[in-house]
Amino acid sequence: MSAGLSSGQDAEGILGHRAGEAIAAIAPSLEVIGTAINGENKLLLPGFFNAHSHSSEMWQRGIIPPLPLELWLAQLYDFAPLDLEKVYLSALGTAVETLFSGGTSVVDHLILIPGKELETIATAVRAYKEIGIRAFVSPLIQDESMTAGIPSGETKQNHEAYFRSTQATLELIEEAVRQFHRPDEGMSILVAPTGIQLCSDALFQGCIELSDKYNLCRHSHLLETKAQEKLAQEKYGCSAVEHLGRIGYLGDRTSLAHCIHLTDTDIAILAETKSTVVHNPLSNLRLGSGIAPILKYRQAGVNVSFGCDGASSNDSQDLLEAIKIGSILHNITDFDYQHWITPRQSVEMASLGGAKGLNMADKLGSLTVGKKADLVMYDLTSLSLLPRTDPIGLLILGRPTNAVESVWVNGKQVVANGKVTTINVDDLRQQLYDHSQWDTKRKSQTVAQLEAYYRTVMDLL
Ligand SMILES: [Zn+2]
C-alpha cells in the first residue's frame, strides 16, 4: 500500500510502498508517500487465517439437525449444491464474513461438484481473486465411498467403489496446480485428501508426490470423531497419526483440521514432524465431536491455528467467534490457569500460527518489515469495543460487531470504512436470497438408511 499509517495505540507508523505489497517501515513518524491513513483510536493487527473452511456449506447453514459428523455428512452430501453459480456466491460469502471478522486469508477445503471438478476449482479461484482475499484453495478429494468412513465393528461390510479412480483424481489436482497455483499472487492450491476415513494410501502417496514436486502445502481432516479413531485401528492396526507419520504425510507443510482424539504418543509425533493443528471449536461442539486437547498441543510445541470449518457445522464464518470460543473453551479442561490461552496468544495463533501452518511464516502473520501487508484495522470507537480498556483483550474476549474498519491484502485495500471495496455486497445479498428458499422440513434419505447401522457400530442401541 502507498500509505503512511499511524496507530493511536502505540503511536507507531507503518509504511508500505514498492507498488504496495510489503510493509516497508515501522517507526513513530514516517514520511508520507501517497495517502496517509489516520490511525487514531484504531487497532492495527496482522490479518488472521480462517485456516479451515468449506465454502459451499454456506447453502446449508442452519438447516442440518443436531447429528454427529458421519450422519451430518450424509445429509450434507444429499443436498450439496451442484451448480457453479452457487459455488461462486458461497465463496464470496465466505470471504466477506472472514474479512469482517479479522481474516485476510482463507483455506477453502473445497467440495467439488462431481463431473465439474476443475470448473468448481476455477469458480472458487475466480471469486477469491475478485474479492481480493488471500486464498488457499484445497480441493477436497477422496477415493473411497461414504460408507467406508464408518467403522464396521463386528459386521462385515462391502463398500461400493468410488466413482472416480485414484489416478484420475491425482491428475485432476495436478491440472489445477498448473492452472491456478500462483502463491505470489495470493492464490495457492493445496493437496487436500479429506482424511484417513475416505482415502487410500495410494491417494496419500500421490498427494505427497505432488506436494514435493510443486512445493504444495498439505491439508486434511484428522481424528475428528471417535468413529474415526476406531476406524484407524481397524484399517491400520495403529493410530491414524502413527500411520500418516509412517507414510511420510506429516511435516511442516501439513495442516490438520480438528485433531480431537489423539494420544500423547500421537501428540509427540505431531510435534516432532512440525505439523500444524487447525482448531475448529464451534464445529466440534456443534457435531458433538469432542474438545481438542489444545493446551497439550501448545505445551508439546505443536503449532495451532484457528478455523471456522464449513458454515453448516458452525453455522457461520465469524473467525473472531471461533477464536474466542477456541481460546476460553480450554479453561475448563485444565485446572491450572497458568496454561490458559491469553488474548495476545490467541492473536498470535490466529495470525502467525496460521501462516506457519501454510509454510508462509517468513512472509505473513505479523507486523514485520518486509512481510506482506495483510493487515486489519479495527475501529476502537465501535460500540462493541467501548468503553476503553485493553483493546486486544476486548477484541478477543468480547463480541466485536462492525469493528473492522479497513483491510489490506498484499497491500491492496479490500475493505474501507467498514465496506468491501472490491465487490458489491448488496448485490451478493440479493443473489444469496434469490438462490435459496425457506425450508424447515427437509429430510435426508441417506441419514434414514445409515442411522440404524451407525447406532449399532457405535454401541448406541
Ligand atoms: Zn472440515
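Charging the Cβ of each Asp and Glu at -1 and of each Lys and Arg at +1, and nothing else, the dipole of the range 51-357 about its Cα centre rounds to 460 debye. If you look at the Cα atoms of the range 79-213, you get an Rg and a Dmax of 16.0, 51 Å.
Taking Cα centroids, how far is the range 405-444 from the range 320-369 in Å? Centre-to-centre (Cα) distance: 26 Å.
Normalising the average separation of contacting C-alpha pairs (under 8 angstrom, six or more residues apart) by the number of residues puts the relative contact order of the chain at 20 percent. The eigenvalues of the Cα gyration tensor, multiplied by 5 and square-rooted, give the range 185-234 an equivalent ellipsoid with semi-axes of 25, 13, 6 Å from largest to smallest.
Put in order of Cβ neighbour count within 10 Å, fewest first, the listed residues Ser152, Ser283 become Ser152, Ser283.
Among the listed pairs Lys116/Lys371; Lys116/Lys419; Lys235/Lys296; Lys156/Lys226; Lys226/Lys363, those with a Cα-Cα distance over 31 Å are Lys116/Lys371; Lys116/Lys419; Lys226/Lys363.
Taking the fewest neighbouring Cβ atoms within 10 Å as the starting point, the ordered list for His221, His52 is His221, His52. Its residues counted as N, the chain yields a C-alpha radius of gyration over 2.2 N^0.38 Å of 0.96. Between Pro68, Leu210, Val278, the Cα set farthest toward the positive side of the dipole of the range 51-357 (charges on each charged residue's Cβ, about the Cα centre) is that of Val278. Sort Lys86, Lys419, Lys116 so that the residue with the fewest other Cβ atoms within 10 Å of its own Cβ comes first and the one with the most comes last. Fewest-to-most Cβ neighbours within 10 Å comes out as Lys419, Lys116, Lys86. Residues in the range 406-417 carry Karplus couplings, in order, of 9, 9, 10, 10, 6, x, 9, 6, 10, 10, 9, 6 Hz; the curve used is 6.51 cos²θ - 1.76 cosθ + 1.60 with θ = phi - 60°, and Gly or Pro positions show x. Within a straight-line Cα-Cα reach of under 17 Å, Lys213 can be paired with the following aspartates and glutamates, leaving aside sequence neighbours fewer than 8 residues apart in one chain: Glu171, Glu174, Glu175, Asp252. Report, as a whole number in µm² per second, the diffusion coefficient that Stokes-Einstein gives for the range 383-460 at 10 °C and 1.306 mPa s using the Kirkwood radius over alpha carbon pairs. Estimated diffusion coefficient is 90 µm²/s. Please list, in order, the residues from the range 326-353 whose amide nitrogen is less than 15 Å from a point placed 7 Å along the Cα→Cβ vector of Gln299. Inside the label zone: 330-341. In the chain, helical runs assigned H by DSSP with n ≥ 4 each contribute -39500 (n - 2.57); averaged across all residues and rounded to the nearest 500, the mean residue ellipticity at 222 nm is -10500 deg cm²/dmol. The distance between label points at Leu118 and Asp426 comes to 3.9 nm (points 7 Å beyond Cα on the Cα→Cβ vector).
Quick note: the coordinates plus some simple rules give every number you see, no bench work behind them. Computed from a predicted model, the values in this text were never measured in an experiment. Backbone-built Cβ (ideal geometry, glycine too); neighbour counts: all protein chains shown.
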